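Taking it in order: structure first as structure tokens, then the write-up.
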Amino acid sequence: MHLTRHEQVFLITMRGEMDHDDVEEVEAAWTAADEAASPMTAVDLSRVTFADSMLLNTLLGARRRHEADGRELVLIGPLHSAVLRLLDVSGTLDRFRIVSTGPSPAS
């Protein structure tokens, strides 16, 4: 997990497998993003190879907070097939703005 604060964007970069073992680190990243209150938070998920309900729940919570505060939340891909499947099966894929930075990662 890597956090970068730019003038208008707070960037959270995640990589590897994101599951319940990572909950404290992920929650700390969201706390930092909320405290920064940048107009946009971008979450780079392009290097995440697995995600479970922990990540999904934190993304949905962040989306609600950002919407309530009038801030934008963007997911950066391309998303690994496992992450896409999580969003699709949960019926939440269309709730996020996803931008792609290049070719899809290996599945």
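What size of dipole, in debye to the nearest 20, comes out for the chain about its Cα centre when the only charges are +1 on Lys and Arg C-beta atoms and -1 on Asp and Glu C-beta atoms? Each step should come with its number before you reach the end.
Numbers: 10 positive and 17 negative charges, 84 e Å.
Here the size comes out at about 400 debye.
If you plug each phi of segment 68-85 into the Karplus form 6.51 cos²θ - 1.76 cosθ + 1.60 with θ = phi - 60°, what whole-Hz ³J(HN,Hα) values come out, in order, with x for Gly and Pro?
Ordered by residue, 3J(HN,Hα) equals 5, 8, x, 9, 9, 10, 10, 9, 9, x, x, 8, 4, 4, 5, 6, 4, 4 Hz.
Summarise the accessible area of the chain (1.4 Å probe, protein heavy atoms) by the percent that is carbon and sulfur. Before the final figure, lay out the partial values.
Working: 2840 of 5840 Å².
Looking at the chain in its full context, I get 49 percent from C and S.
Considering only DSSP beta bridges with both partners in the chain, what is the antiparallel share in %, to the nearest 5?
Working: 4 of 22 bridges.
Given both bridge residues lie in the chain, the antiparallel proportion sits at roughly 20 percent.
Say each of Glu17 and Arg47 gets a label point 7 Å from the Cα, pointing the same way as Cα to Cβ; how far apart are those two points in nm?
Inter-label distance under the simple model: 1.8 nm.
Per residue, how many Å² of accessible area does the chain show with a 1.4 Å probe? Intermediate values should be presented prior to the final figure.
Working: 5840 Å² over 107 residues.
About 55 Å² of surface per residue is accessible.
Starting from the Cα coordinates of segment 47-107, work out the convex hull volume and express it per residue in Å³.
Working: hull volume 4.7 nm³, N = 61.
Roughly 77 Å³ of hull volume per residue.
Taking the chain as the reference, fit the longest principal axis to its C-alpha atoms, fit the long axis of helix 23-36 to the helix C-alpha atoms, and give the angle between the two in degrees, 0 to 90, nearest 10.
40
Can you divide the C-alpha Rg of the chain by 2.2 N^0.38 Å and report the result to two decimal places? Working shown, then result.
Working: Rg = 12.7 Å, N = 107, 2.2 N^0.38 = 13.0 Å.
So the Cα radius of gyration is 0.98 times the expected 2.2 N^0.38 Å.
Quick check: net charge around Pro78, other residues with Cβ under 12 Å of its Cβ, Lys/Arg +1 and Asp/Glu -1? Write down the numbers at each step before the final one.
Details: positive: Arg47; negative: Asp44.
The answer is 0.
The values are calculated or read from the model by the stated rules, or taken from the named source; none is laboratory data. Remember, predicted model here, so these are calculated numbers, not experimental data. Reconstructed Cβ throughout: ideal geometry from the backbone, glycine too, with neighbour counts over all protein chains shown. Protein only, heavy atoms only, side chains kept; ligands, DNA and RNA dropped before computing areas. Shrake-Rupley method; radii C 1.70, N 1.55, O 1.52, S 1.80 Å.
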